[in-house]
1. Yes or no: L272 open to solvent by 10 Å² or more (accessible area, probe 1.4 Å), of a type in the set (A, V, I, L, M, F, W, C) and either in contact (Cβ under 8 Å) with a residue 12 or more places away in the chain or in a loop (DSSP other than H, G, I, E, B) (or both)?
2. Show the residue pairs meeting these rules: Cβ distance below 7 Å; 6+ apart or different chains; first residue within the range 69-87 and of a type in the set (G, A, S); second residue in a loop (DSSP other than H, G, I, E, B).
3. Taking the options G431, G416, name whichever one is farther than 22 Å from S388 by Cα and surrounded by 20 or more Cβ atoms within 10 Å (Cβ to Cβ).
4. Quick check, is I413 of a type in the set (A, V, I, L, M, F, W, C) and under 27 Å from A258 (Cα atoms)?
5. Just need a number here: residues in the range 238-266 that are open to solvent by 10 Å² or more (accessible area, probe 1.4 Å) and either in contact with a Phe, Trp or Tyr (Cβ under 7 Å, 6 or more places away or on another chain) or part of a helix (DSSP H, G or I) (or both).
Amino acid sequence: MSQGSSSSTPPTGTLPNPKLNALGKALAQVDLDGHDLPPSPAPSSPRSGRQYSIATQLVFSEGNDQYNASSVPIYQSATFKQTSATAGASNEYDYTRSGNPTRTHLEKHLAKIMRANRALVVSSGMGALDVITRQLRPGDEVVTGDDLYGGTNRLLKYLSTHGGIIVHHVDTTNNDKVQEVVSSKTAMVLLETPTNPLIKIVDIPSIANMAHIANPACLVSVDNTMLSPLLQNPLDLGADIVYESGTKYLSGHHDLMAGVLAINDEALGDKLYFTINSSGCGLAPFDCWLLMRGIKTLKVRMDAQQANAMMIARFLESAGFKVRYPGLKSHPQYELHNSMARGPGAVLSFETGDVTLSERIVESAKLWAISVSFGCVNSLISMPCRMSHASIDPKTRAERGVPEDLIRLCVGIEDGEDLLDDLRTALVQAGAMNVTIDGVSARNRTLEQVDPAEGEQIAADAAAENEP
């Protein structure tokens with residue numbers, strides 16, 4: 001079902017909400033869709049009623065604050081007073097580890113934009129993955145990719161070494177390779193798409209179907225951090241769990257750490273919540289408020305970031321660098337990506353052919369900050385093999401085809417011409433470019449076709465946008 005469609009059918013596995021009738025709406029303290037504000041343990045039901053476009057859903061939310069605050073209040077309290085000494089928790093909330101009104105508001109909002117029946121928030125993206133992998137037991141088998149975020153690889157390696165979990169790393173962009181290892185013993189399939197840092201695309205529907213045929217109880221979990229709910233909804237593509245680092249695009253400012261989980265199955269949601277409540281990794285109220293604020297500007301940020309990323313990718317490719325970006329038609333999985341996603345995102349990588357040259361380029365940039373992570377309003381540049389993926393040993397990186405000279409660009413919302421000019425200058429200063437009257441081109445070409453004139457036209461078009 002598309003974001004713009006509407007449906008009055010309750011989500012699978014839920015019962016019709018009696019509050020949705022006119023009388024209930026008139027008498028109950030509920031929002032326009034007929035929901036009250038449940039505590040964290042209770043699943044949300046955000047799909048009933050009219051379905052607004054994602055741009056509207058990101059911004060619009062309702063709560064039951066007694067003063068009708070336009071911004072959700074921060075309930076910066078560890079405990080909540082009860083009205084009974086004998087009946088346990090007589091109010092919706094008793095202890096913030098178990099639930100907090102600010103967190104509930106955020107979770108309800110996330111469930112809506114992630115097209116889920118329930119969302120949960122924790123203290124980091126890796127914290128979200130930790131909650132997911134706690135569903136595994138010794139002897140369980142996990143199928144995952146060979147191009148993974150370094151932290152994901154590190155956690156899986158620890159579980160295989162100390163937890164008795166069997167992990168199969170395969171090229172998840174090749175369905176035949178996945179089919180070879182998926183079996184009735186596969187308890188979890190863990191996917192990233194686009195992958196990081198090689199920007200490869202994984203066929204979520206095909207692999208999810210494959211896994212569920214082999215083992216109906218298999219949990220297909222998808223890391224959607226690279227695209228965010230704005231551009232892709234893996235639950236609609238067959239995933240059982242979607243998780244994201246809220247630190248990245250959802251927040252957008254790198255001023256908080258957060259992790260998000262989204263699920264449709266009520267029983268699975270209860271299991272994940274139990275782990276969060278027991279371990280105490282739920283997101284703090286102030287961070288919930290910060291994340292809620294960041295989500296509202298996701299579309300305007302991502303629109304600007306994608307436009308800049310496309311321009312940068314086109315320029316680098318025209319100069320003769322091998323660029324990995326699903327927005328380019330030269331990407332081998334361009335069509336597959338567009339069949340699942342509504343945009344290419346704003347992370348790309350390119351090869352220079354020389355590690356030392358890549359180091360000089362990264363260190364010559366001025367506007368592009370040298371930093372791990374992505375999804376921030378600021379543009380970032382890094383060498384994954386030296387930074388975000390340094391925890392993966394060189395032998396394994398080589399086996400997985402990760403070039404040591406690879407440069408990753410995480411494009412921000414700055415002026416596109418300024419970003420392009422700064423990158424061109426860094427490339428020239430590092431000695432990576434040949435400069436001629438026709439334009440600039442890569443000295444060590446990692447791509448056969450070169451079109452300096454096109455690169456100059458891209459730069460000229462960007463400059464023209466700034467002319468008075």
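1. For L272, the condition - open to solvent by 10 Å² or more (accessible area, probe 1.4 Å), of a type in the set (A, V, I, L, M, F, W, C) and either in contact (Cβ under 8 Å) with a residue 12 or more places away in the chain or in a loop (DSSP other than H, G, I, E, B) (or both) - is not met.
2. That search, which allows pairs on different chains as well, returns S77/T96; A78/T96; S84/S90.
3. G416
4. So I413 fits the description; yes.
5. 2
Results for (1) in contact with a Ser or Thr (Cβ under 7 Å, 6 or more places away or on another chain); (2) within 16 Å of Y249 (Cβ to Cβ); (3) hydrophobic (A, V, I, L, M, F, W, C); (4) not in a strand (DSSP E or B), shown as yes or no for each residue.
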| site | (1), (2), (3), (4) |
| --- | --- |
| K200 | yes, no, no, yes |
| I207 | yes, no, yes, yes |
| M210 | no, no, yes, yes |
| I213 | no, no, yes, yes |
| A217 | no, no, yes, yes |
| S221 | no, no, no, no |
| M226 | no, yes, yes, yes |
| L230 | no, yes, yes, yes |
| D236 | no, no, no, yes |
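To keep it simple, each residue is scored yes or no on (1) surrounded by fewer than 22 Cβ atoms within 10 Å (Cβ to Cβ); (2) in contact with a helix residue (DSSP H, G or I) (Cβ under 7 Å, 6 or more places away or on another chain); (3) more than 30 Å from N68 (Cα to Cα).
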| residue | (1), (2), (3) |
| --- | --- |
| P101 | no, no, no |
| V131 | no, yes, yes |
| R134 | yes, yes, yes |
| P138 | yes, no, yes |
| R154 | yes, no, yes |
| K157 | yes, no, yes |
| N174 | yes, no, yes |
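The values are calculated or read from the model by the stated rules, or taken from the named source; none is laboratory data. These figures come from a predicted structure and were not determined experimentally. Virtual Cβ from ideal backbone geometry, glycine too; neighbours counted across all protein chains shown. The protein model used for the area step is the full one, side chains on, heavy atoms only, and it has no ligands, DNA or RNA in it. Shrake-Rupley method; radii C 1.70, N 1.55, O 1.52, S 1.80 Å.
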